[in-house]
Every structure is written in C-alpha cells, then in structure tokens.
1. Mind listing just one residue for me: the one in the range 28-47 that is polar (S, T, N, Q) and assigned to a loop (DSSP other than H, G, I, E, B) and, of those, nearest to Met508 (Cα to Cα)?
2. Within the range 405-414, is there a residue that is away from the ligand (no atom under 15 Å from the Cβ), surrounded by 19 or more Cβ atoms within 10 Å (Cβ to Cβ) and either not in a loop (DSSP other than H, G, I, E, B) or not aromatic (Phe, Trp, Tyr) (or both)?
3. Consider only pairs whose beta carbons are under 8 Å apart and that are at least six residues apart or on different chains; among these, list those whose first residue lies in the range 207-235 and is farther than 17 Å from Tyr28 by Cβ and at pLDDT below 95 and whose second residue is within 14 Å of the ligand (Cβ to nearest atom) and β-branched (Val, Ile, Thr).
4. Which condition breaks for Asp573 when tested against (1) surrounded by 17 or more Cβ atoms within 10 Å (Cβ to Cβ); (2) in contact (Cβ under 8 Å) with a residue 60 or more places away in the chain; (3) more than 16 Å from the ligand (Cβ to nearest atom)?
5. Kindly list, by first and then second residue, each pair from a residue in the range 538-565 that is at positive phi to a residue that is surrounded by fewer than 21 Cβ atoms within 10 Å (Cβ to Cβ) and at pLDDT 95 or above, limited to pairs with Cβ atoms under 6 Å and residues at least 6 apart or on different chains.
6. Among all residue pairs at least 6 apart or on different chains, which show Cβ distances below 7 Å where the first residue, located in the range 697-721, is in contact (Cβ under 8 Å) with a residue 24 or more places away in the chain and the second is more than 16 Å from the ligand (Cβ to nearest atom) and aliphatic (A, V, I, L, M)?
7. Determine, yes or no, whether Leu237 is surrounded by 18 or more Cβ atoms within 10 Å (Cβ to Cβ), of a type outside the set (Phe, Trp, Tyr) and within 16 Å of the ligand (Cβ to nearest atom).
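The values are calculated or read from the model by the stated rules, or taken from the named source; none is laboratory data. All values derive from a computational prediction rather than experimental measurement. Heads up, the Cβs are rebuilt from the backbone with ideal geometry, glycines too, and the neighbour counts pull from every protein chain shown.
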Amino acid sequence: MNQKSVCLLALLFLSTLFSGSLRAEDGYKLWLQYDQVQDATKLQAYRQTVNELVVQGSSPTLTAVQKELQMGLQGLLGKPVPASKQANQQNILVAGTPASSALIKALNLDAKLKTVGDEGYLLLTANQNGKKQTVIAANTDIGVLYGSFHFLRLLQTHQDISNLSVASAPKIKHRVLNHWDNLDRTVERGYAGFSLWDWHRLPGYIDQRYIDYARANASIGINGTVLTNVNANALVLTEDYLKKVAALADAFRPYGLKVYLTARFSAPIEIGGLKTADPLDPQVQAWWNKKSDEIYSHIPDFGGFLVKANSEGQPGPQNYGRNHADGANMLADAVAGKGGIVMWRAFVYSEDEPDDRAKQAYNEFKPLDGKFRDNVLVQVKNGAIDFQPREPFHPLFGAMPKTPLMMEFQITQEYLGQGTTLAYLSPMYKETLEADTYAEGKGSTVAKVVDGTLHNYQQTGIAGVANIGNDRNWTGHLFGQSNWYAFGRLAWNHALSSEEIAEEWVKMTFTNDNKFVAPVKDMMLTSHEAVVNYMTPLGLHHIMGWSHHYGPGPWIKDKHRADWTSVYYHKADEKGIGFDRTKSGSNAVSQYFPPVAKTYGNIKKVPEKYLLWFHHVPWDYKVNSGRTLWNELAYRYSAGVDSVRQMQKTWDSLQGKVDEERFQHVKQLLAVQEQEAEWWRDACLLYFQTFSKRPIPADLEKPAHTLDYYMSLDPKFVPGI
Ligand code: GCV
C-alpha cells in the first residue's frame, strides 16, 4: 500500500470514528449518551424551550444537578446552555426545591409537592413574570436530581416538553443493588471483569468510575448499594476497610446512593475476639452495638446490613440454637437508633433436610412472621429455588403479612448464559411481580406485597444482584446494561411495561431511529423466552453445569449434596420427567394460597411454562400443542436455537445504523450464543432421550455430536465462581 492510500484509510477511519452518532463507542456511557438530537424540528423546539438553566441554592447534590443538566443539554442540544442563579432569559429551565430556590418557592407548589414525598419530583411548564419556565421541582435535592434525569430522558427519547405536567414518586423505598464482590476483587457470579471497588487504592484514590456508577444509578432511581458479597468477609467491618467504605459513601452521597455492607454473622469471633456469636449473648449484642457506632462514625448515613445466615455454609443464629428472627433482631437493634435497616435473606436450605428444597425457606420463615423488629426486611428471591431462567413466584410472598418482604432479583446472569448471552430480563421480573398470590383475594400481586400496599408494610425494598464489573462497558455484554436499567426503572415504578423500558433504553443507548428501535426492541422482548426454551423449557430447572452453572449438565448426579445435582430436579426416568410437587409428591403446591395451589397442582390447569416444575409427566402426555411431551421438549429446544438465529439476522440487518464497535461486539456475542444454544439443545435432548427412548422428530436438526462428547466437555476457569 502506498503512502497516499494509507493516509486515505486513516482519514476514513477517523471520519467514521467522529461522524455523528456513528462514532466509535465502547459502551462506557451506558444510557447516558446525550448525543445531539437528530430530528431538526425537535431540536429547534428544545433549544427554544431551554435558553438558560437556573439552579438556585447550593449543595453537593444541587451541584451534581447543575453539572448533569449542563452536560446533558450541551450534548443533546449541540450547544452550551448558560447557567445562572437568576432568571435572565425568556425561556428557562429551573430546578430546585422551595427551600433552595426562590423561583420554585414563588410557584406555590406545596400541595402538589406533598404528593411526591421525599424522593419524588414534579416536571411542569409554568409562567412567571411573563417568562416561560420549564420546572423541575422536588421537596429534596435528591428529588431534584431524579427529576433532572427524567427531564433529560424526555429529550433523549424525543418527547414533547412544551407542556409538561409530570408527578413521579417511587413505589418502593429501598431500591438496592447487591454486589457479590469479594475483597480480593473477584466477583461471585460476576461476568464483567473484576470488582469496581479498588480496595487497595481506597480511600486515597477516588476513581471517576465511582462517580459515573453513582450517576448511572441515580438516573434510574437506585438509592442503595450493598458493596460486598453475601458470602461475607468480616474484614470489611474492620477500621481500615471502614475508611475505604466511607470514601465510597462520600463519593456516592451527592447522588443519593446509600452504602450497605454484608455482615458476617461470626464477625464477633473472627475480628472481635469473642468466643461466641450467639445473638442472645449480651456480649455479642454489645459488640455489634459498638461496631455499629464505629461504622456510623465513619459513614453517618450508613444504610445497614444485608445478611446471609445458615445457608450454603454461612454462619448464623442456628449455630447457637437460635432462629433467624433472633439473629436479625440483634443486628437490627444495633442499627435502629441510627436509621439503619437489616435485610435478612430467606435463601435458606439445608443438605440435612430431606424435604423438597423448594419448601424449606417457607417452612423456616413463615412461623417467624411478626417476630422481626420494625427495621428488618426479609429478602426473598423471586422463586423458591435459585434464580432459574424461569421460576414460579416464591410462596413466601403474601404469606408473611406482618413482616416486610423485600424482593431479590438477579441481574447478573448466573443461570442465564452468563456474560455471552443476550437476555433482556424485564419480562422475567414482571412475570413475578404481576403474579397473583391471592393472599388477600384476587389481585394480591407480588408487586403489591413488595411495595407494601397489600399488607401495609412501613419498610419496602427491592434488591438486584448486580451484573456490574470493571469491564469498560460495565456489564460485559452490552445488552446486560438493559437489565441494570430495567431493574432500576421497575424498582421505581413496577407498573412500567417491559416494552416501554426497552424502548427508552434502546433510544437512550443507541438512537431514536425507529428502523433500529423497533427491531431491537422486538429482539429484546423475545430474548428471555428464547433462553428459557433452549435451556429449561416447560418448567425444567437447575440442570446447568456443575458449580460454575455454565452450559448444560442434566446428567449431574452423585455429588455430596443431592440438592446441588440436576437429577434431583428433573427426575427423568423411563416413565417421564419433572418434579412432582403435588399432593402425591413433595406437596410444595400447598404452600401457595388455595386458588394458586389448585391451579399449579392440577396437571390440566398448570400454566405449561411451569409444567415440569410441579408435575412428573409421562413422555406421551399430550400438551397444549397436541404434541407428546417428548416431541414438545424437542420442539422447544429447537425453537430456542431458532430464536437466537433470528436475533442474529435482525442484528445483522442493522449494520450501519449503529457504530461499528458496538455492532461487532453484539454480533460476535450472538454468534457465541448460537453455539451455546445448540450445545444446550443437543446435550439435553440426547441425555433425556436415554430415558424417553423416543426419536427426535424428523423435521428437527439432529445433534452434531454424541452424548458422550457433550458429557466429556469440561470448561475450565469459567468466570464468576
Ligand atoms: C452468593 C446461588 C449461587 C451462589 C450464591 C447463592 C446466594 O447458590 O450459586 O453463588 O452465593 O445463590 O444467593 O447466596
């Protein structure tokens, strides 16, 4: 190549890099891209509406408000918007509280502001002294910040802002990410690199990432973060680490993000020099009280503790013959006077307990209803086993009217293809939230339990196990960002539809071009079902690879815990497949309220998606499609693979509508996903065929290898263990 063509190539490369929306983008900016609005009419309207930005008053949060609005507006409008403390122009954007801003106070919004509480906000179009104002008003500075992000979202998604009348407040109080991050920076079930928390360089070094993390969370209303793994290390409660935690808390505070820690139950022994961690021992209570004083001396707004106790080898009150309420209350008393809460997990099951694992949490926790302190929330996973691609809702929801139950979703994709899989999880979250528990009659949805309206809980909460790491794009797979986004948006307002959320995310992350938005949205909305089909159709569950949970492993058996094997869950034999949880089996259905128990317990009425979760079904049983169960399994597995291929086609057709860097990233991962889907389909069908003894229907693709081959696969160093 001669010098001239090298120069030309370089120019071409640079122009692609910097040309408008198609410039190279590595995903760091998440959904906060703030690209200039491409629609000329909209752009002109926005420019006319916002000539000046007035943020009166001062506080770290108001500074963040001003910075975000200036940055966002400059990007979106393609020119800087002057900021001042007084209204000088005709068309201004004014943001503040009645306390911080004379302009807001003069609008007399008290009655309206009363309806939005501490974190909510109003977006209004008003006139004052002949000047048109676009108003972001709230009772608190953090409300103003949330409102500012909402306002920017309106521009990012090309909404009309000429006549605003929005009032918004969160339905749930504690909206929290759970990081399963270890102090050595590995992340349990993390597929996006190492932990964001650079403990070694803290407290001295505040990475810009911490601030951008807090901004991203604030933009979707997440107001808390548990920094450490539930499989906890007591070291984080020592003075040295508390200083580091305090530095993070200081960085997050302007963005309304509270810090929480996991409390290792045996910490009084491990770092306190006591001989016991018995929650009823006064010395132990005194130790935790003192520890709490110390924590609050470093972090005055510390949120509280998250605890995994007596589960999967973690210590807990049962080591001393006490129950979960004894343990939770002891910690709750230590933080109560300081406004702290305890999130006590209900994810408990024991290898020594012969009863169905799906029943154990309910059996342990239901009798404790009403025995917890006011500042305890019991944190319950969406389903009774463990974040499976699809689970029926956990029977504890609705069953503890006197105890706030907090939802725990998993955002990281431990059982959902991990870092190589495109699965948009909002439909899965919504499936649980919209499920009817019938606790107080028809309409007693899980969402109403969690938001406190069903049982009048004073404390309400929702947690998402984070999928965030130090990968440049935060979540490993670019589309993992949509799950962080969806979790936050649903935590704020669970009534939003998966479609609305997907549309917002696509527009904010990529482009408003409907030729891109519509197909990508469709692809996202079908993606979770695709994964369910090629991994665990019809209610199958927990048949993943041993320990790392990557890839298929339906043959896993003979391990030291039966409830960690696959055969425990699918129970395939020559007659059929599935876990009988009806009266004739483990009777787990009886833990649901009668209308639900009747539906799930009846093979004719159970939604087909949960069929094998609740029933052991003969291979020749006719399912809704008219096919035999065996044939239906084969078709579902194949349909899953087909859906991935369809996603590939869709994505390929969009080349040029998105920058090449993100296009290639997704394209390559979809190709990996296709291979993984085929692997799942072939391995599972060949394995289950050894029981069904029936052929794979002739019109379906045949497995590429033998069962022995699939069983011999043993991926090494799978991340996230
Ligand atoms: C943090 C599953 C995961 C574990 C996780 C556990 C939990 O069992 O495989 O890695 O531990 O859930 O939620 O506590």
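1. Gln33
2. Initial filter on the range 405-414 (away from the ligand (no atom under 15 Å from the Cβ)): 405.
Those still in the list that are surrounded by 19 or more Cβ atoms within 10 Å (Cβ to Cβ) too: 405.
Okay, now just the ones that are also either not in a loop (DSSP other than H, G, I, E, B) or not aromatic (Phe, Trp, Tyr) (or both), so 405.
Yes, the conditions are met somewhere in the range 405-414.
3. Short answer, once both residue conditions are applied: none.
4. Tallying (1) surrounded by 17 or more Cβ atoms within 10 Å (Cβ to Cβ); (2) in contact (Cβ under 8 Å) with a residue 60 or more places away in the chain; (3) more than 16 Å from the ligand (Cβ to nearest atom), Asp573 fails exactly one: (1).
5. If the second residue must be surrounded by fewer than 21 Cβ atoms within 10 Å (Cβ to Cβ) and at pLDDT 95 or above, the pairs left are Gly539/Tyr610; Gly551/Gly545.
6. Pro697/Ala634; Leu700/Ala634; Leu707/Leu686; Tyr710/Ala683; Tyr710/Leu686
7. In short, no.
A quick yes/no check of all residues on (1) within 16 Å of the ligand (Cβ to nearest atom); (2) over 22 Å from Phe347 (Cβ atoms):
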residue	(1), (2)
Asp451	no, no
Tyr457	no, no
Ile462	yes, no
Gly476	no, yes
Trp484	no, no
